1. Please go through segment 26-45 and pick out each residue that is away from the ligand (no atom under 12 Å from the Cβ) and open to solvent by 40 Å² or more (accessible area, probe 1.4 Å).
2. One residue is enough: does segment 59-74 have a residue meeting the conditions among the basic types (Lys, Arg), away from the ligand (no atom under 16 Å from the Cβ), modelled with pLDDT under 90 and farther than 22 Å from HIS44 by Cα?
3. In segment 3-19, how many residues are away from the ligand (no atom under 15 Å from the Cβ) and modelled with pLDDT of 95 or more?
Amino acid sequence: MLVPGNDEDIDGFLYRDEDEVVIGVNRDRATVRRRFTIAHELGHLRLHEQGQVHVDRGFRVRLRSGVSSEGTDWDEMEANRFAAELLMPIDFLRDDLKRQEFDLADDSELRVLARRYGVSTQALAIRLNGLGYSIEVVTG
Ligand SMILES: [Zn+2]
């Protein structure tokens, strides 16, 4: 399938026509990133009427503003939110946080929880912040 642009930049894409839907993911990316990409493309599929091919290059967020790197692209933000909700269901997270006394400012504990959900620590931190848990976003 021909996707415009440089393949190495691409995280994933969604292709659809009357007969089929194809989600592509860059196999050179880390597992957590591939999982997020697939969930993000599912978000586009479920929520958005777009053209035949939608290509995604990166899912960076500006943590202060919560605006996606694509500027003010609402669709990208919605697809990111869909992915976060799919990969980190609120009921599961609340149960996990209730069951154990997590020190959410401790990045090793965040890492353990992130691993359980198959997401990056950053994605988990953003999700928890979005749910009203006040934590530091850990990088690196
Ligand atoms: Zn997208």
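The values are calculated or read from the model by the stated rules, or taken from the named source; none is laboratory data. Computed from a predicted model, the values in this text were never measured in an experiment. Neighbour counts run over all protein chains shown; Cβ positions are idealised from the backbone, glycine included. Note: areas computed on protein heavy atoms with side chains; ligands, DNA, RNA excluded. Shrake-Rupley method; radii C 1.70, N 1.55, O 1.52, S 1.80 Å.
1. ARG27, ASP28, ARG29, ALA30, THR31, VAL32, ARG33, ARG34, ARG35
2. For segment 59-74, residues among the basic types (Lys, Arg), away from the ligand (no atom under 16 Å from the Cβ), modelled with pLDDT under 90 and farther than 22 Å from HIS44 by Cα: present.
3. Residues of segment 3-19 that are away from the ligand (no atom under 15 Å from the Cβ), as a first pass: 6-8, 17-19.
Then keep just the ones that are modelled with pLDDT of 95 or more; that gives none.
So the answer is 0.
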